[in-house]
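Each remark here refers to the structure printed beneath this line.
The values are calculated or read from the model by the stated rules, or taken from the named source; none is laboratory data. As the structure is a computational prediction, the values presented were derived from the model and not from experiment. Ideal geometry is used to build each Cβ from the backbone, glycine not excepted, and the neighbour counts take in all protein chains shown. All accessible areas refer to the heavy atoms of the entire protein, side chains included, with ligands and DNA or RNA removed. Shrake-Rupley method; radii C 1.70, N 1.55, O 1.52, S 1.80 Å.
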Amino acid sequence: MGAVVALDTLLAARTLWHAGRSAAIAADGEPTGHAALDALLPQGGWPRRALTELLLPADGVGELALLLPTLARMTQAGSAVAVIAPPYIPYAPAWQAAGVDLAMLEIVEAAPRDALWAFEQCLRSGACAAVLGWPVQADGPALRRLQVAADSGECLGFALRDRRHAANPSAAALRLEAVRDARGDTAWQVRKCRGGPAPAQPFALLAH
């Protein structure tokens, strides 16, 4: 029985994948700020202490609108959010209008060769509630390091990447790809998620 207890403990801790069926995982995700997306995800939100990968056809397809409710809630609660080497300078009035407390927002400038290192260190530091990064040159081992760092730092990691990487394996706990729905609007298709099969239905972020 001892071995059975140990196995169940590993499954509950999410460190072991169970082939053939999904381990029972509580819906203890970090709310995304989008009720329809929370309802789609097995954990009821962003996976905690984990890396989420957003796969994009181009910058500016709605990825920030997807993330800003979470970032606003965290910064308003006094938690720091780090943004690592963004491709464009964040437009402060728009972030502020979305509810982000700019005093808790850290923009880290880094050369491309240093950005991945900075991303990993901020995730691991334990000083941030969430870290956003745009890792251009991130292979499988690099993504695994980011996932481990997010777990170690008890942090939400968001990696924004070109969707050409969708065919490559990834250690991210959650992968969302920006696609076009029947109306031509951006929707988010779950390609991989922790805690259950990826839902077939995409999530459309409707403009307010």
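Of Glu106, Glu154, the order by accessible heavy-atom surface (1.4 Å probe, DNA, RNA and ligands excluded), from most exposed downward, is Glu154, Glu106.
How large is the charge dipole for the chain, taken about the Cα centre, if only the Cβ atoms of Lys, Arg (+1) and Asp, Glu (-1) carry charge, to the nearest 20 debye?
540 debye
Nearest 10 degrees, 0 to 90: what angle lies between the long axis of helix 63-76 and the longest principal axis of the chain (Cα atoms)? Relative to the chain, helix 63-76 is tipped by roughly 90 degrees.
Relative to the current alpha-carbon distance between Gln96 and Arg113, full extension at 0.36 nm per residue lengthens the span by 3.1 nm. Per residue, region 72-176 exposes an accessible area of 50 Å² to a 1.4 Å probe, with every protein chain left in place.
Among residues other than Arg124 with Cβ under 14 Å from its Cβ, the summed charge is 0 (Lys and Arg +1, Asp and Glu -1).
In region 68-156, inverting the average of 1/r over every pair of distinct C-alpha atoms gives 13.2 Å as the Kirkwood radius. If you take the charge dipole of the chain about its Cα centre, with +1 on Lys and Arg Cβ and -1 on Asp and Glu Cβ, which of Ser79, Gly45, Asn168 is farthest toward its positive end? Towards the positive end, the residue furthest out is Asn168.
Give the carbon-plus-sulfur fraction of the accessible surface of region 95-208 in %, rounded to a whole number; probe 1.4 Å, heavy atoms of protein chains only.
Answer for region 95-208: carbon and sulfur cover 51 percent of the accessible area.
With runs of 4+ DSSP H residues as the only contributors, calculate the mean residue ellipticity of the chain at 222 nm using -39,500 (n - 2.57) per run, divided by the residue total and rounded to the nearest 500. Result for the chain, helices only: -9000 deg cm²/dmol. As an equivalent ellipsoid, the chain spans semi-axes of 26, 21, 17 angstrom, where each value is the square root of five times an eigenvalue of the C-alpha gyration tensor, largest first.
Order the following by accessible area, largest value first: Val179, Val148. Probe radius 1.4 Å; ligands, DNA and RNA are ignored.
If we order Val179, Val148 from most to least accessible, we get Val148, Val179.
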